[in-house]
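Q: Handing you a structure now.
Read the figures in this text as sums done on the coordinates, not as results from a lab. All of these numbers come straight from a predicted model, not from anything done at the bench. Please note: Cβ atoms are built from the backbone with ideal geometry, for glycine as well, and neighbour counts cover all protein chains shown.
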Amino acid sequence: MIGFFAAISAVICWTFACSIWRKESEELLPRQINIYKNVLASIFFLPVGFTISWFSDLSSIFVLMISGIVGIAIGDTLYINSLKIIGTRKTLSFEALTPIIATTIESLTINEIYPQKVWIGSLIVSFSLFMIVRQNTFKKDLSSKTQIIGILCALGSILCAIFAALLSRIILISSILTPLQTTEIRLLSASIFLFLFFKNDFFDLLSKKSITKINHSGLVLSTFIGTNCGIFFQQMVFKFLPIGIGWTLLSLSPILALFISKKEGDNINKLTVIYSLLSFIGIAITLS
């Protein structure tokens, strides 16, 4: 049950934060938002860093650093870019591929054996979310090339997230590091990586006169909720649940995103509601 509630909490955190990041991406570059939120999130969790024995388990820490760079530094930059181009709901809906991909990869790599109901539930959720993606409800006038870029960014972020999640799962079940400690290690490595490559963008963001206190407040709030809390809950999921089941639960973000879709010009039709309900049936089968 801990893994289940952690997954639902992560979904709520991400959906709320994504709506803010998308709004801010109208004025800021995705990589600026990503470096800002990760540096800030690392500072929020900095006290946790003093509880880590940095030289006692170098191999586990190194794996988590790779996980942070791939999943947070690279994956989240692609993710925010996708939010900017195709919107919150459609970006989140591309997680339709995540449950079945995650289940397959974990079965092949670390030999997690899933019962048939997990595969059936993952397929139902993936199908439902894929059909939600196909609903042509987005009002924003985008060229085909721009839409393709947005879709590729979304798909790239998914692959990065699954790879990073797999590395996190391996460390969480094989080491004494806690979910909170692994969160800080991943955030720190992502922040350092982004700062080394995009430090000029970071300083440019801080010096921008067009960025108001409201902008900064929104970024601070979305960082704490979406990055600190979201990633911590995600690590809890990977600690207590196999990747396939965990990602099936975490992929419910598009359903919550329905509540904010109208603000982004993304109308909801009856088929979208039907497929959303079908995804919950898939989740129920997976957890039964």
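Q: Compare the peptides 218-231, 194-207, 114-127, 176-189 by average per-residue count of other Cβ atoms within 10 angstrom and give them in order, highest first.
A: So the peptides 218-231, 194-207, 114-127, 176-189, ranked by packing, come out 176-189, 218-231, 114-127, 194-207.
Q: Taking 27 Å as the cut-off for C-alpha to C-alpha distance, list the pairs among K23/K145; K84/K117; K84/K199 that go past it.
A: Pairs exceeding the cut-off: K84/K117.
Q: Fewest first, what order do C18, C13 take by the number of other Cβ atoms within 10 Å?
A: Fewest-to-most Cβ neighbours within 10 Å comes out as C13, C18.
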